[in-house]
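Please read the structure below before turning to the comments.
The values are calculated or read from the model by the stated rules, or taken from the named source; none is laboratory data. Keep in mind it's a predicted model, so treat the numbers as computed, not measured. Every residue, glycine as well, gets a Cβ built from its backbone with ideal geometry; the counts of neighbours run over all protein chains shown.
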Amino acid sequence: MSRESTIPILLYHKIGDPPRGARGPGHYVSPGLFRRHLSYLRRCGYQCVSLLDMTRAPSALPARPVVITFDDGYRCLHEHALSALVEHGFTATIFVVAGGVGRANYWEVTAGEVEEPMLGWEEIGEMQRAGLAFGSHTLNHPHLTALPTAEAKREITDSKKLLEDTLGEPCRSFAYPYGDWNRAVRELVAEAGYEAACTTVRAAARPGDDPLALPRLNIRRYNVTPRFAHKLWRAERARR
């Protein structure tokens, strides 16, 4: 893969239909649309690679790679995304709010969002055995740049330790909650030992990008297949 190649990193949140009263319905992608996205990717020759493969060995990537990520770790991923990914032979990285495992989305509920159940450890283990990877999305999903340094460090490092201790493997990837980061936060992520970290900057990635500040393409409810295809084309074209 050349330095001129692009790597779309897709960002999903919830796979399902928005419940009544949802304040952020765009974060819900229906199970049927998600399957159509995967079918489109496979039909167009995309090969799904892991986030760490992308950062560790960019020269060994296939001609048309794509990375799939999910933020937060909602239970609906086990219900609706797992089977679709397995059927298509795709992998994904799920960035988990470690303090919310087995609970609900308390950081959203306090902001007025409807309650959604989060993945439990048993479900995470099943998805891990199916080939999905898990990274950290902090302990409690805070705005990291608004925290004192010691508290931001605790969110970044303690979530990593909790995931490693429970899942029995190194946690090497991270996603900044709300896409909120700066140089100081990036350095804390580096010091904690993460190899890759994702932002919400809207662009396709390229070999040579900072592995701790990777851009992603936010996929939302209204990205029906033609719009999804155009979003990929536009992002890849913009960085060639």
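Computed quantities for the displayed model
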item: Answer residue from segment 109-139, given it is acidic (Asp, Glu) and free of Cβ contacts under 8 Å to residues at least 24 places away in the same chain and is surrounded by the most Cβ atoms within 10 Å (Cβ to Cβ) among those; result: 115
item: Residue count, segment 67-77 (criterion: surrounded by fewer than 23 Cβ atoms within 10 Å (Cβ to Cβ) and free of Cβ contacts under 8 Å to residues at least 60 places away in the same chain); result: 1
item: Some residue of segment 39-46 being surrounded by fewer than 19 Cβ atoms within 10 Å (Cβ to Cβ) and small (Gly, Ala, Ser); result: yes
item: Residue that is surrounded by the most Cβ atoms within 10 Å (Cβ to Cβ), among those in segment 158-179 that are hydroxyl-bearing (Ser, Thr, Tyr) and in contact with a strand residue (DSSP E or B) (Cβ under 9 Å, 6 or more places away or on another chain); result: 173
item: Qualifying residues in segment 190-219 (those that are basic (Lys, Arg) and in contact (Cβ under 8 Å) with a residue 40 or more places away in the chain) - the one nearest to residue 153 (Cα to Cα); result: 216
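For (1) modelled with pLDDT of 95 or more; (2) assigned to a loop (DSSP other than H, G, I, E, B); (3) farther than 15 Å from residue 71 by Cα, each residue gets a yes or a no:
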{"position": "170", "(1), (2), (3)": "yes, yes, yes"}
{"position": "181", "(1), (2), (3)": "yes, yes, yes"}
{"position": "186", "(1), (2), (3)": "yes, no, yes"}
{"position": "190", "(1), (2), (3)": "yes, no, yes"}
{"position": "193", "(1), (2), (3)": "yes, yes, yes"}
{"position": "197", "(1), (2), (3)": "yes, no, no"}
{"position": "207", "(1), (2), (3)": "no, yes, yes"}
{"position": "211", "(1), (2), (3)": "yes, yes, yes"}
